[in-house]
């Protein structure tokens, strides 16, 4: 995703992430910053927080939000644990 990702796209990606988590997989969510977008790191963090909020019923945060290089990441895992 990018810091200016639309809410419809966020919802679409969240639906797919829920499917992956229900299959027993972990989900890594990244916001990639290009050029001048680096000035809007707060927008990227808010986007990740919204994404995490949409998955609170099925997932928990395994790796907190961190900014590394030109990307901000977090890893989500199933609340129930892996089924594999």
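Just so it is clear, none of the values below were taken in a lab; they were calculated from the coordinates. Here the structure is a predicted model, which is why all the values come from computation and not from measurement. Cβ: placed from backbone, ideal geometry, glycine included. Neighbour counts: every protein chain shown.
Observations on the structure shown:
- Computed label-point distance, nm, for sites residue 42 and residue 56 using a 7 Å Cα→Cβ extension: 2.2 nm
- Distance between the stretch 1-34 and the stretch 47-67 - C-alpha centres, whole angstrom: 10 Å
- Principal-axis analysis of the Cα atoms of the chain puts helix 41-54 at an angle of about 20° to the longest axis.
- Cα-Cα separations in the stretch 7-78 greater than 15 Å, expressed as whole percent: 50 percent
- Per-residue ellipticity at 222 nm computed for the chain from its helices equals -11500 deg cm²/dmol, with DSSP H segments shorter than 4 residues left out and the rest contributing -39,500 (n - 2.57).
- Given their separation in residues at 0.36 nm each and the Cα-Cα distance between them, residue 11 and residue 25 gain 3.2 nm when the chain is fully extended.
- Result for the chain in a Gaussian network model with C-alpha springs under 10 Å: among 45, 15, 26, the largest mean-square fluctuation is at 15.
- Choice from 19, 44, 69 with maximal GNM fluctuation in the chain (Cα, 10 Å cutoff): 69
- Angle between the chain longest axis and helix 7-22 axis [Cα atoms, degrees, rounded to 10]: 30 degrees
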